[in-house]
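Colleague: I'd like to ask you about the structure that follows.
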Amino acid sequence: MLILLGIVLVILLILLIDGTRKYHVAKFARSIPTAHPNYPVLGMATIFLGHSEERRFENFMRALRRVDRIAKAWLGPQLIFHVAHPELVQKILTDPNCCEKPFFYEFSGLTHGLFSAKYSVWKPYRKALNPTMNVKILNSFVPIFEKFSERMVEKLKCQPEGIPVDILDFTMECALEMVCGTTLGTDLKKGCGKRKFLQSMHVFISRVATRTLSVSLYNETFYRLTKAYAEEEAARENCLDFSKRIIEERRQVLATKPQSNTFEENDEDDGYTVRRPKLFIDQVLSDKNFEADFSTQSLSEQILTIMGAGYDTSANMVAHCCLFLAMFPEIQEKLALEIQTVLPDSVQDLTADTLKSLPYLDKFFKECLRLTPVGSTIARVNMTDIELDGCRIPKGNIFVFNFFVLHRRKDIWGPNAEQFDPENFSPERAKGRHPFAFLPFSGGSRNCIGARYAMISNKIMIIHLVRNFRLRTKIRYEDLKYRINVTLNLAFKHLITLEARR
């Protein structure tokens, strides 16, 4: 009886301390609604406990859908604010004093990468990287994007006809080859460990995502005792080794090339030469006066960030697009007709101007991004006090934004916001829509640096797929389920049946 009484007293003491602490910590935010569920001690963290990744995703989205503008919530001891309305999203993301990222981004262990670096580290690196993503450079990459898209198509043609394939396997390899071939100037056709890299990257991203959404794993000492920590460390080291090998390869290439602002790449297999501006890695390795200070380790982390973000997001984007095409054959045929009209010759090369002549492709791709934004959840920390809806929030607080929910607001997208309809991006419907109602690549100065890169490369992959195949699937739109991860992942395989277009 005394033991039971002692347990009850301890529980009551914990609840009292927790309630008192939260009362004082969040005293300034009394006027801000509280998100639910909100349990003692754990707060909202219960939606991530004891469930499958698919169930946790559904619980998380259900909780966020209840927030109209802004709401406070607790993840165990951590206070966070869910920001849901585009007006408030814009105010925070465009504020230069809200460019910091919260502590759980550090779980990636990539302290110099654009994705997870602290603001003071991120700023010079972002400035250094911006020139590598200008329009002229991206347009010059079109032949490279075509080359690897054609390679993907040839691999798909070798698959048994009528047998479903997981299209993500093919878009992943293609996207990785594109990233390495353009950003890093490396062709992975002959291997060099890309399969191991893909496997390691998958493990690395999954472990980081799991830890981010598991309050019990936030403590570093405890996390180091888990199997997940060992797996994450091994995967990260494998990925960094891959990056370092690419750096060494590029050093050797640069040693034999004249130093200039442009250079030529010769494709030995296809026999053509592509002229393009100097790549980011070349600028870093050849310019001793480069503004940002890149050590071997920091350069490896930047490369890993670029490769990881570039291939994983693009691969999933295109795989999602393929599913939508397969689910809606009338949309697929309308897109195929547009492509056939603009590109009547099956061997006709694409150009940057070609993409501008495909308005339905643009609407279709944006609708895919609306319903399946790959980077669906981001977070920021305010470095100075900020006022939101009449409440002054002190510096150092965490703001969470979810674009999966934002892109489904019926007050913005209409009563059929959950349905797939490319006409959501027709000029008539888009007129007057809030600029921060559609954020597939985030917004503000710390948005995705590769947004235009993704728009061009992904569209080219889609063009080549639609030109060569009719896509079918048994998966229904209403059956789509997603799972918790750093990026938006389907809960099952992207199974597509391919039929050659005659």
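The values are calculated or read from the model by the stated rules, or taken from the named source; none is laboratory data. Just so it is clear, the model here is predicted, and its values are computed rather than measured. Reconstructed Cβ throughout: ideal geometry from the backbone, glycine too, with neighbour counts over all protein chains shown. Ligands, DNA and RNA are stripped out before the accessible areas are found, and what is left, the full protein with its side chains, is counted by its heavy atoms. Shrake-Rupley method; radii C 1.70, N 1.55, O 1.52, S 1.80 Å.
Colleague: Just read off the accessible area of Y119 with the full protein assembly in place, 1.4 Å probe, to the nearest 10 Å².
Modeller: Counting only protein heavy atoms, Y119 exposes about 50 Å² to solvent.
Colleague: What nm distance separates the two modelled labels at R224 and D68, each placed 7 Å from Cα along Cα→Cβ?
Modeller: Here the modelled spin labels are 4.8 nm apart.
Colleague: Which entries in K155/K244; K196/K459; K155/K334; K334/K363 show an alpha-carbon gap greater than 18 Å? Please report the intermediate quantities before stating the final value.
Modeller: Numbers: K155/K244 29 Å; K196/K459 27 Å; K155/K334 25 Å; K334/K363 12 Å.
Cα-Cα > 18 Å for K155/K244; K196/K459; K155/K334; rest within.
Colleague: Something else now. Loop only by DSSP, 10 or fewer other Cβ within 10 Å of the Cβ. Give me the trypsin sites (Lys or Arg not before Pro) in the range 411-461 that pass, ordered by residue number.
Modeller: On the way: sites: R429, K431, R433, R446, R452, K459; in loops: K431, R433, R446.
When the trypsin sites (Lys or Arg not before Pro) of the range 411-461 are filtered for loop state and at most 10 Cβ neighbours within 10 Å, K431 remain.
Colleague: Still on this structure, please answer the following. Need one number: nm distance between label points at C391 and T111, each 7 Å from Cα along Cα→Cβ, rounded to one decimal.
Modeller: Label at C391, label at T111, 3.4 nm between them.
Colleague: So, one more: Taking amide H positions as placed in the peptide plane 1.01 Å from N, state which residues far from T34 in sequence (5 or more) or on other chains have amide H under 5 Å from it.
Modeller: K72
Colleague: Let me ask something additional. Stretched out fully, how many nm does the piece from E54 to E161 gain, at 0.36 nm a residue minus the Cα gap? Walk me through the numbers on the way to the answer.
Modeller: Details: separation 107, 0.36 × 107 = 38.52 nm, distance 3.11 nm.
Result: 35.4 nm gained on full extension.
Colleague: Taking a point 7 angstrom from the Cα of K118 along the C-beta vector, which residues in the range 372-392 have backbone N less than 16 Å away?
Modeller: The answer is 381-384.
Colleague: Between S426 and V347, how many nm apart are label points set 7 Å from Cα along the C-beta direction?
Modeller: The two pseudo-label positions are separated by 3.9 nm.
Colleague: Given R₀ = 35 Å, FRET efficiency for N38-A234 by Cβ-Cβ distance, to 0.05?
Modeller: Values: r = 38 Å, r/R0 = 1.08.
Rounded to the nearest 0.05, the efficiency is 0.40.
Colleague: Multiply the residue gap between T384 and N416 by 0.36 nm, knock off their C-alpha separation, and tell me the result in nm, one decimal place. Before the final figure, lay out each step's value.
Modeller: Working: separation 32, 0.36 × 32 = 11.52 nm, distance 3.91 nm.
Length gained, T384 through N416: 7.6 nm.
Colleague: Right, next: Pull out a ≥ b ≥ c, the square roots of the eigenvalues of the alpha-carbon gyration tensor of the range 107-225, then state rounded if a/c is under 1.5, prolate if not and a/b is larger than b/c, and oblate in the remaining case.
Modeller: Details: a/c = 2.81, a/b = 1.31, b/c = 2.15.
Oblate, because a/c is 1.5 or more while a/b does not exceed b/c.
Colleague: Let me ask you something else. Test of understanding: what is the full-extension gain from D241 to R476, defined as 0.36 nm times their sequence separation minus their Cα-Cα distance? Don't skip to the answer; put the middle values down first.
Modeller: On the way: separation 235, 0.36 × 235 = 84.60 nm, distance 4.07 nm.
Difference between extended and current length: 80.5 nm.
Colleague: Sticking with this one: Output wanted: per-residue J couplings in Hz (rounded whole) for the range 389-404, from phi through Karplus 6.51 cos²θ - 1.76 cosθ + 1.60, θ = phi - 60°, x for Gly and Pro.
Modeller: Once rounded to whole Hz, the list reads 6, x, 10, 8, 9, x, 4, x, 9, 9, 10, 10, 10, 10, 7, 4.
Colleague: Under a 5 Å amide H to amide H cut-off, with H placed in plane at 1.01 Å, what residues pair with G43 once short-range neighbours are removed?
Modeller: Under 5 Å from the amide H of G43: G76.
Colleague: Let me ask another. Can you tell which of T111, A73, N97 lies farthest toward the positive end of the dipole of the range 66-121, using +1 and -1 charges on the Cβ of basic and acidic side chains (Lys, Arg; Asp, Glu)?
Modeller: After comparing all options, I get A73.
Colleague: Per-residue counts of other Cβ atoms within 10 Å, averaged by peptide: what ranking do you get for 404-414, 234-244, 418-428, highest first? Before the final figure, lay out the partial values.
Modeller: Working: 404-414: 17.2, 234-244: 19.1, 418-428: 14.6.
Listed from highest to lowest mean packing, they are 234-244, 404-414, 418-428.
Colleague: Across the range 99-111, in residue order, what do the Karplus-derived ³J(HN,Hα) couplings come to in whole Hz, using 6.51 cos²θ - 1.76 cosθ + 1.60 with θ = phi - 60° and x for Gly and Pro?
Modeller: Computed from phi, the couplings for the range 99-111 are 9, 6, 10, x, 4, 6, 5, 5, 4, 5, x, 9, 6 Hz.
Colleague: Further question on the same structure: How large is ³J(HN,Hα) for each residue in the range 216-232, as worked out from phi by the Karplus curve 6.51 cos²θ - 1.76 cosθ + 1.60 (θ = phi - 60°), to whole Hz, x for Gly and Pro?
Modeller: Result, rounded to whole Hz: 5, 9, 5, 5, 5, 4, 5, 4, 5, 8, 8, 5, 4, 4, 4, 5, 5.
Colleague: Taking H as built 1.01 Å from N, whose amide H comes closer than 5 Å to the amide H of I393, not counting residues under 5 places away?
Modeller: Correct list: I386, E387, L388.
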